[in-house]
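The values are calculated or read from the model by the stated rules, or taken from the named source; none is laboratory data. Just so we're clear, the structure is a prediction, and the values are computed from it rather than from any experiment. Neighbour counts run over all protein chains shown; Cβ positions are idealised from the backbone, glycine included. Calculation scope for accessible area: heavy atoms of the full protein, side chains included, ligands and nucleic acids excluded. Shrake-Rupley method; radii C 1.70, N 1.55, O 1.52, S 1.80 Å.
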Amino acid sequence: MKIYTKTGDKGTTALFGGTRVPKHHIRIDSYGTVDELNSHLGLIRDQDIDNHYKDVLIKIQDRLFTVGAILATDPEKAILKSGKQRLNIPKISEGDIQQLEQEMDTMNEALPPMTHFVLPGGHQTVSFCHIARCVCRRAERLASALNDLEPFQPESLTYLNRLSDYLFVLARKLSYDLQAGEVKWIPEKES
């Protein structure tokens with residue numbers, strides 16, 4: 001199988017189902033940003049972190065492929081003539097969302113309470129996590145805009161929202177585990 005098809009040379013690409021759209025279409029931007037997020041999670045997983053976090057991140061990466069597939073599916077071609085769904089994979093479930101919540105609750109139990117906003121940084125691994133959080137928020141904004149135009153599975157949007165929260169808590173927990181120390185944001189007083 002060749003990687004290059006030349007079908008996108010004029011600035012269009014095909015959705016799952018065959019519909020061609022411009023490469024700058026919000027649907028493409030949306031699932032492309034989810035793909036970017038997935039790559040950042042791979043970078044975090046490649047760091048020297050606890051194997052439990054690596055296992056959770058692999059599961060999240062799998063779920064992000066599902067979100068991407070949902071976003072890449074033309075809603076007008078989502079159901080085949082046979083009545084079956086074109087995308088024949090398990091969708092994002094409430095259980096997927098609850099897993100993120102449980103992971104956050106467990107990490108939060110080991111962390112000191114937050115009293116201020118936290119500046120990203122302190123350790124390269126923590127910074128990678130904050131970058132992933134920001135990309136996740138962008139993916140969520142794009143997916144939300146797409147959902148306003150062409151609604152898709154609501155749990156996918158919820159998952160992206162919860163995932164950005166998870167990545168924030170993971171960044172705090174990694175700071176704690178790596179003894180990096182958090183830098184609190186304390187605004188200067190106006191003189």
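Could you work out how much longer the chain between Thr12 and Lys84 gets when fully extended? Use 0.36 nm per residue separation minus the Cα distance between them, nm to one decimal.
On the way: separation 72, 0.36 × 72 = 25.92 nm, distance 2.73 nm.
Answer, rounded to one decimal: 23.2 nm.
Under the rule of -39500 (n - 2.57) per DSSP H run of 4 or more residues, summed and divided by the residues of the chain, what mean residue ellipticity at 222 nm is obtained, to the nearest 500 deg cm²/dmol?
Values: 5 runs with 107 residues, N = 191.
Mean residue ellipticity at 222 nm (helix-derived): -19500 deg cm²/dmol.
Could you report the accessible area of Ser39 in Å², rounded to 10, computed with a 1.4 Å probe on the protein chains as they sit in the structure?
Accessible area, nearest 10 Å²: 70 Å².
What pairs from Lys10/Lys81; Lys54/Lys91; Lys23/Lys91; Lys54/Lys77; Lys23/Lys81; Lys2/Lys23 go past 32 Å between their alpha carbons?
On the way: Lys10/Lys81 30 Å; Lys54/Lys91 22 Å; Lys23/Lys91 25 Å; Lys54/Lys77 36 Å; Lys23/Lys81 27 Å; Lys2/Lys23 20 Å.
Long pairs (Cα-Cα over 32 Å): Lys54/Lys77.
With +1 on the Cβ of every Lys and Arg and -1 on the Cβ of every Asp and Glu, and nothing else charged, how large is the dipole of the stretch 59-191 about its Cα centre, in debye rounded to the nearest 20?
Values: 16 positive and 18 negative charges, 86 e Å.
So the dipole magnitude of the stretch 59-191 works out to roughly 420 debye.
Stretch Ile3-Leu119 to full length: gain in nm at 0.36 nm per residue minus the Cα-Cα span?
Numbers: separation 116, 0.36 × 116 = 41.76 nm, distance 4.09 nm.
Taking 0.36 nm per residue and subtracting the Cα distance, the gain is 37.7 nm.
Compute the accessible area per residue over the chain, keeping the other protein chains in place, probe 1.4 Å, unit Å². If you can, show how the numbers build up before the last one.
On the way: 11330 Å² over 191 residues.
That works out to 59 Å² per residue.
So between Lys23 and Leu149, what do we pick up on full extension, going 0.36 nm a residue minus the alpha carbon distance?
Working: separation 126, 0.36 × 126 = 45.36 nm, distance 1.71 nm.
Gain in length upon complete extension: 43.7 nm.
Cα centroid distance between the stretch 99-123 and the stretch 1-63, in Å?
Their Cα centres are 27 Å away from one another.
Quick one: how many Å² of His25 are accessible to a 1.4 Å probe, rounded to 10?
50 Å²
Once you place label points 7 Å from the Cα toward the Cβ at Cys134 and Glu190, how far apart are they in nm?
About 2.6 nm separates the two model spin labels.
What is the diffusion coefficient of the chain in µm²/s, taking the Kirkwood radius over Cα pairs and the Stokes-Einstein relation at 25 °C with a viscosity of 0.890 mPa s?
On the way: Rh = 18.2 Å.
Here the translational diffusion coefficient equals 135 µm²/s.
Please check which bits of the stretch 30-47 a label hung off Lys54 would reach, taking the label as a point 7 Å along Cα-to-C-beta and the cut-off as backbone N under 14 Å.
Under 14 Å, as judged by backbone N against the label point of Lys54, lie 42-47 of the stretch 30-47.
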